[in-house]
Amino acid sequence: MTDRKTELAANLAKVEERIAAACEAAGRGRGEVTLIVVTKTYPASDVRILAELGVRHVAENRDQDAAPKAAACADLPLKWHFVGQLQTNKVRSVVGYADVVQSVDRARLVTALSKEAVRAGREVGCLLQVALDAGESARGERGGVAPGGIEELAGLVAESPGLRLDGLMTVAPLTGEYAGRERAAFERLMDLSTDLRRAHPAATMVSAGMSADLEKAVAAGATHVRVGTAVLGVRPRLG
Ligand SMILES: *Cc1c(COP(=O)(O)O)cnc(C)c1O
């Protein structure tokens with residue numbers, strides 16, 4: 001193995017151990033939690049190594065970086081998740097490679113995604129990004145719909161051609177009532193998911209937890225964790 005492959009294999013093994021231990025502690029089966037490796041700022045060569053090591057889900061947050069990477073890795077058996085704030089002028093490009101957009105947070109974005117998904121003949125999975133630091137009806141500073149806006153936005157996704165409502169996503173807030181209370185934030189997201197599934201039973205995905213807090217997300221009931229640093233290393237620049 002190359003040095004990088006050895007390094008990534010060791011990091012993946014540690015993350016796998018953490019997820020397995022968190023599942024065990026929560027009385028959940030390991031199969032209930034899917035690892036998504038966040039490859040932002042890292043090269044396509046790393047994505048290729050991850051695929052060789054068995055990773056099947058990767059995530060990116062900037063279309064400029066993600067589009068060429070996804071193209072370079074088009075031969076690999078990967079599902080691509082888009083997890084960044086998304087401008088409508090990037091939607092056509094993102095729909096070209098993303099299987100799931102986890103950052104759906106406003107009606108205008110839903111309309112644009114639907115139009116481009118239909119045009120491309122693709123079905124795009126959508127997670128509503130929930131801002132737990134927003135007021136009841138505002139949007140979060142880093143994107144996300146406030147809890148009070150979920151029902152309406154979910155309805156819009158569900159009735160939009162080319163889109164599939166898959167569930168909810170959040171990032172633990174740095175400000176507001178949930179600052180420093182990741183477990184409580186993730187439990188709130190689970191409650192919102194329970195509400196959502198009353199009207200949309202197939203929207204079962206709950207994406208929460210990153211390198212620093214994946215155990216808390218698994219304990220709360222997350223179905224998907226998004227891990228970057230713990231697998232790939234500390235990012236060379238903010239992303
Ligand atoms: C970067 C990023 C992650 C991964 O964060 P790490 O702390 O590196 O594990 C997860 N989710 C989103 C939305 C991100 O932008």
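The values are calculated or read from the model by the stated rules, or taken from the named source; none is laboratory data. Just so it is clear, the model here is predicted, and its values are computed rather than measured. Don't worry about glycine lacking a Cβ; one is built from the backbone with ideal geometry, like all the others, and counts go over all protein chains shown. Surface accessibility is based on the protein's heavy atoms, side chains included, excluding ligands, DNA and RNA. Shrake-Rupley method; radii C 1.70, N 1.55, O 1.52, S 1.80 Å.
Could you please give the count of residues in the stretch 74-122 that are in a loop (DSSP other than H, G, I, E, B), within 21 Å of T170 (Cα to Cα) and open to solvent by 30 Å² or more (accessible area, probe 1.4 Å)?
4
Do you know which of the residues in the stretch 46-60 that are part of a helix (DSSP H, G or I) and touching a residue at least 40 places away in the same chain (Cβ under 8 Å) is surrounded by the fewest Cβ atoms within 10 Å (Cβ to Cβ)?
Applying the filter and picking the extreme gives E52.
Residue pairs, Cβ under 6 Å, 6 or more apart or interchain, first in the stretch 220-236 and free of Cβ contacts under 8 Å to residues at least 12 places away in the same chain and in a strand (DSSP E or B), second near the ligand (Cβ under 9 Å from one of its atoms) and polar (S, T, N, Q). List them.
Matching pairs, first to second residue: none at all.
Kindly indicate the residue of the stretch 142-175 that is part of a loop (DSSP other than H, G, I, E, B) and more than 16 Å from the ligand (Cβ to nearest atom) and also nearest to A199 (Cα to Cα) among those meeting that condition.
E159
Consider L86 carefully, then state whether it is at pLDDT 95 or above, within 14 Å of the ligand (Cβ to nearest atom) and touching a helix residue (DSSP H, G or I) at 6+ places or on another chain (Cβ under 9 Å).
yes
Might you check whether a residue that is near the ligand (Cβ under 9 Å from one of its atoms) and in contact (Cβ under 8 Å) with a residue 12 or more places away in the chain occurs anywhere in the stretch 176-192?
Looking for residues that are near the ligand (Cβ under 9 Å from one of its atoms) and in contact (Cβ under 8 Å) with a residue 12 or more places away in the chain, one finds none in the stretch 176-192, hence no.
Which of the residues that make up the stretch 213-239 are of a type in the set (D, E, K, R) and either away from the ligand (no atom under 12 Å from the Cβ) or at pLDDT below 95 (or both)?
E215, K216, R235, R237
Can you confirm whether the stretch 134-141 contains a residue that is within 15 Å of the ligand (Cβ to nearest atom), open to solvent by less than 70 Å² (accessible area, probe 1.4 Å), without any contact (Cβ under 8 Å) to a residue 60 or more places away in the chain and not in a helix (DSSP H, G or I)?
Within the stretch 134-141, one or more residues are within 15 Å of the ligand (Cβ to nearest atom), open to solvent by less than 70 Å² (accessible area, probe 1.4 Å), without any contact (Cβ under 8 Å) to a residue 60 or more places away in the chain and not in a helix (DSSP H, G or I).
Go through (1) small (G, A, S); (2) open to solvent by 10 Å² or more (accessible area, probe 1.4 Å); (3) on the phi < 0 side of the Ramachandran plot for A131 and report which single condition fails.
The number of the failed condition is (2).
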